[in-house]
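The block underneath contains the structure these notes are about, expressed in structure tokens.
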Amino acid sequence: MRRFLIRRLLLAVPTLVGVTLVVFATVALVPGDPVSAFLGPGAPPQAHQELTDRLGLDRPLPVQYADWLTHALHGDLGTSIAGQRPVDQLLLPAMGQTLILSAAAFTLVLVGGIVLGAVGALRPRGPLGRVSGALSTVSVSAPQYSVALLLIAVFAVRLGCLPAGGTHDVFGDGGLPDLLRHLILPAVAAALVPLGLTAKVFRAALGSVLAGDLADSLRARGLSRTAVLRHCVHNASPALLTIGGLQLAYLLEGVVFVETLFAWPGLGHLLYDALTARDLPLIQGGVLVVAVAFVGVNILVDTAHAWIDPRVRSPR
Amino acid sequence: MTVLRTGTSARGRLPFRALRAAALRRDAGLLLPAALAALLLLVAVAAPLIAPYDPVAGSLRVRLLDPGSPGHLLGTDGQGRDVLSRLVWAARPSLIGGFVPVAIAATAGTALGIAAGLGGRVTEQALLRSLDVLYAFPGILLAMTIATLMPAGLGATVLSLSVVLTPAVARVAHTEVARIRTAEYLEAARVSGAGRTLVAVRQVLPVVAPVILAYASSLIGLSVVYAAGLSFLGLGVPPPTAEWGAMLDDLRPSLLTHPGVAVLPALTILIVSVVCNTLGEALRRRIGDTGDLAAEAVR
């Protein structure tokens with residue numbers, strides 16, 4: 001197990017190096033001169049020279065990369081152009097908000113995906129199975145921004161029963177119930193795509209176990225339906241783990257739209273603002289943080305997978 | 001099997017009508033989404049004939065009419081432009097954003113996958129590890145990052161989405177090549193003097209192509225959604241051109257006051273995405289499932 005973990009961590013190193021290269025390249029490769037773009041036309045040549053010096057843009061690219069990487073490793077991601085604040089100070093509180101939203105959405109993904117998938121696997125040909133299959137397909141196909149807008153139109157505007165955005169009421173005592181009320185719509189909007197995918201994968205995994213030798217032999221031994229099902233669910237769970245981990249990454253992707261539309265002050269919202277302002281250091285920092293988190297989640301998933309399934313542990 | 005049982009008449013003959021009904025039932029899952037997709041293409045091609053108004057010209061006297069208003073079936077937007085006409089015209093850039101990146105990614109991904117599968121160990125590892133790096137970014141984030149480097153437009157959308165989709169295709173192609181690369185007929189081809197390129201094009205490509213075709217078709221819906229998403233973020237087609245994602249953004253400020261109009265682009269993208277994915281699924285089931293759920297998961 002330890003050997004597996006070391007191997008997996010070592011494998012992540014080149015990936016992470018590649019990630020930093022790509023993120024760095026996004027700024028280095030911007031066509032045109034970022035300094036004149038930032039200063040605007042009519043800026044005195046002195047100011048131009050000064051800013052170029054301060055940003056170190058006249059040095060060779062490999063030197064700039066090494067410098068940027070050293071700073072990034074120390075948590076210094078530069079200064080946001082639009083916000084005039086250190087990027088890490090902007091990113092940290094936003095990450096907390098995204099974590100709250102992702103946790104809520106992930107709960108929906110797991111519960112909904114397992115229920116929908118199990119129904120489909122248990123009644124593959126019946127009307128219930130068809131409905132669950134169709135629901136999964138619609139759910140997978142539902143773009144987060146579409147769902148978000150439709151939910152706001154129905155629940156916030158027409159019915160007026162849930163808030164259209166933000167994390168807390170402006171007037172009021174705040175508190176957990178208020179936060180939860182604000183979480184419902186964004187969490188649903190973020191959850192639908194990964195929920196549908198989880199349902200599909202779990203349905204396929206559980207379905208193949210239920211149709212396989214294991215289920216047959218358990219039934220032949222006279223186990224009750226629920227006991228057979230319990231064993232089969234256990235057997236299908238590695239697939240659930242793998243897909244569940246990947247869904248965490250999806251959530252990170254979906255939050256760009258969901259947070260923007262629901263005015264949720266998380267990473268996605270921050271990235272959207274950075275994008276509209278062309279605030280390159282902030283874009284760079286945000287993308288780097290998300291990509292590193294993504295790689296980390298993948299390592300966690302692989303490790304957990306190896307832990308419950310010994311076959312994965314031994315290298316091929 | 002059910003077909004045979006229900007189709008066999010008392011005299012043991014298969015009545016043509018029963019067979020045809022069974023075949024239709026089997027094909028309905030493919031034909032219905034295919035027909036809808038064809039309709040969509042038709043709308044895009046015949047946009048000038050279908051759209052009742054100019055998609056870019058509006059009149060401030062008819063701002064924000066609700067759907068069902070006389071003269072404007074689906075209402076008007078904040079600049080008084082006819083929403084139906086804009087939705088129809090928008091099918092063009094939006095469908096291009098869905099289809100072209102997939103076509104490019106399918107071609108590039110197949111080439112990369114075959115190269116990795118047939119090349120030496122070093123080539124294989126180098127290619128796969130580089131693709132892993134692109135995998136380390138959630139799709140829309142990578143697309144956003146690449147698109148910010150370019151002037152906003154359809155070109156930025158197409159190029160960035162091609163880069164995002166290529167690794168997934170390459171991985172599927174590589175898996176397929178790895179499965180057959182020790183097959184005897186490849187060995188036979190090599191022994192009879194065929195070079196690497198010839199083996200790749202004549203022996204390997206025909207095996208990989210149908211799998212890629214099926215897989216790529218299931219990516220079109222995703223690409224439509226991503227393309228509209230990029231436009232929504234202001235990275236796609238610049239205004240005033242009508243595009244579904246850009247329309248979504250245009251109408252967003254009216255959501256609280258005119259939800260009936262504001263949800264129309266969102267609904268359109270949702271429906272198109274469902275149609276594309278249903279078609280993709282049906283095609284995959286028909287052409288041959290890759291069975292690669294992991295590859296599907298990383299879309």
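When you go through A:VAL157, A:VAL147 one by one, which is the residue that is among the hydrophobic types (A, V, I, L, M, F, W, C), open to solvent by less than 70 Å² (accessible area, probe 1.4 Å) and in contact (Cβ under 8 Å) with a residue 24 or more places away in the chain?
A:VAL147
Residues of the stretch B:221-234 that are crowded, with 24+ Cβ neighbours inside 10 Å and within 11 Å of another protein chain (Cβ to nearest Cβ): B:GLY221, B:LEU222, B:VAL224, B:VAL225, B:TYR226, B:ALA227, B:ALA228, B:GLY229, B:LEU230, B:SER231, B:PHE232, B:LEU233. Restricted to helices (runs of 4 or more DSSP H) entirely inside the stretch B:42-156, those with at least 2 residues that are more than 20 Å from the chain's Cα centre (by Cα), closer than 30 Å to A:ARG8 by Cα and within 14 Å of chain A (Cβ to nearest Cβ) are B:121-135. Picking from residues in the stretch B:65-107 that are at pLDDT 90 or above and open to solvent by 40 Å² or more (accessible area, probe 1.4 Å), the one that is nearest to B:GLY221 (Cα to Cα) is B:PHE99. Taken residue by residue, the stretch B:164-180 has at least one member that is part of a helix (DSSP H, G or I), surrounded by fewer than 19 Cβ atoms within 10 Å (Cβ to Cβ) and not hydrophobic (A, V, I, L, M, F, W, C). Candidates are the residues of the stretch B:37-63 that are β-branched (Val, Ile, Thr) and open to solvent by less than 50 Å² (accessible area, probe 1.4 Å); the one that is nearest to B:THR76 (Cα to Cα) is B:VAL62. When the stretch A:131-144 is filtered for residues that are surrounded by fewer than 16 Cβ atoms within 10 Å (Cβ to Cβ) and away from chain B (no Cβ under 11 Å), only A:VAL131 remains.
Across the stretch A:236-253, the qualifying residues are those that are among the small types (Gly, Ala, Ser) and at the interface with chain B (Cβ under 8 Å from one of its Cβ atoms), and the one among them that is farthest from A:LEU210 (Cα to Cα) is A:ALA249. Quick check on the stretch A:44-60: of everything there that is open to solvent by 40 Å² or more (accessible area, probe 1.4 Å) and at pLDDT below 75, which residue is nearest to A:ILE81 (Cα to Cα)? Taking the candidates together, the pick is A:LEU55.
Only one entry of A:GLY286, A:GLY266 meets the criterion of being more than 11 Å from chain B (Cβ to nearest Cβ) and small (Gly, Ala, Ser), and that entry is A:GLY266.
Within the stretch A:223-235, identify whether any single residue is in a loop (DSSP other than H, G, I, E, B), more than 14 Å from chain B (Cβ to nearest Cβ) and not charged (D, E, K, R), and answer yes or no. Yes, there is a match, as at least one residue in the stretch A:223-235 is in a loop (DSSP other than H, G, I, E, B), more than 14 Å from chain B (Cβ to nearest Cβ) and not charged (D, E, K, R).
The values are calculated or read from the model by the stated rules, or taken from the named source; none is laboratory data. Predicted model, so just to flag it, every value in this text is computed and none were measured. When we count neighbours, we look across all protein chains shown, and the Cβ atoms used for this are built from the backbone with ideal geometry, even at glycine. Side chains included, ligands, DNA and RNA excluded: accessible areas come from the protein's heavy atoms. Shrake-Rupley method; radii C 1.70, N 1.55, O 1.52, S 1.80 Å.
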